[in-house]
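Chemist: Below is one structure. I have some questions about it.
The values are calculated or read from the model by the stated rules, or taken from the named source; none is laboratory data. As the structure is a computational prediction, the values presented were derived from the model and not from experiment. We place every Cβ from the backbone using ideal geometry, glycine too, and count neighbours over all the protein chains shown. Ligands, DNA and RNA are excluded from the accessible area calculation, which covers all protein heavy atoms including side chains. Shrake-Rupley method; radii C 1.70, N 1.55, O 1.52, S 1.80 Å.
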Amino acid sequence: DVSSPKHGKVDPNNMPHVGGNIWAGGTGGRDTAGLGGKGGPYRLDAGHRVYQISQAEKDAVPEEVKRAAREMSEKAFKQRLKEIQMSEYDASTYERFSGAVRRQVQSLRVILDNLQ
């Protein structure tokens, strides 16, 4: 069961973590920032293979946990904008331009990774 969203502990060795309720950047778990899990406050990619839980499990997260996760996500987003000295208007403008070339950038990343 999910209890409350949190960032989670950061693994200094960046080991892959699957499931659980401890590590930031893990996959398929609960309550912590990561990918493929449920109840976490925001997506956090630590560069590991992603394990997805079912959509039914995600849909079963209580509304109060979803609300708390959204609030924590919004707070983290605003804090990050402040750190990089960007306004919400700047962020939306960046997202508009970035979204227009996202596929091309991803293709270029794949090509460069293969060349390495």
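Chemist: Quick one: is PHE77 outside any loop (DSSP other than H, G, I, E, B), at pLDDT 95 or above and either closer than 27 Å to ASP1 by Cα or among the hydroxyl-bearing types (Ser, Thr, Tyr) (or both)?
Modeler: yes
Chemist: Taking the stretch 15-27 as the region of interest, how many residues are open to solvent by less than 20 Å² (accessible area, probe 1.4 Å) and in contact with a Phe, Trp or Tyr (Cβ under 8 Å, 6 or more places away or on another chain)?
Modeler: Counting residues in the stretch 15-27 that are open to solvent by less than 20 Å² (accessible area, probe 1.4 Å) and in contact with a Phe, Trp or Tyr (Cβ under 8 Å, 6 or more places away or on another chain) gives 1.
Chemist: Starting from the stretch 34-57, take each residue that is hydroxyl-bearing (Ser, Thr, Tyr) and list its partners that are open to solvent by less than 50 Å² (accessible area, probe 1.4 Å), counting only C-beta distances under 8 angstrom and pairs at least six apart or across chains.
Modeler: Qualifying pairs under 8 Å: TYR42/ALA33; TYR42/ALA69; TYR42/SER73; TYR42/ALA76; TYR51/GLY19; TYR51/THR27; TYR51/GLY28; TYR51/GLY36.
Residue-by-condition table, conditions (1) open to solvent by less than 70 Å² (accessible area, probe 1.4 Å); (2) part of a strand (DSSP E or B); (3) touching a His at 6+ places or on another chain (Cβ under 6 Å); (4) of a type in the set (D, E, K, R):
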site: ASN13; (1), (2), (3), (4): no, no, no, no
site: GLY40; (1), (2), (3), (4): yes, no, no, no
site: ARG49; (1), (2), (3), (4): no, no, no, yes
site: ALA69; (1), (2), (3), (4): yes, no, no, no
site: SER92; (1), (2), (3), (4): yes, no, no, no
site: GLY99; (1), (2), (3), (4): yes, no, no, no
site: ARG103; (1), (2), (3), (4): no, no, no, yes
site: ILE111; (1), (2), (3), (4): no, no, no, no
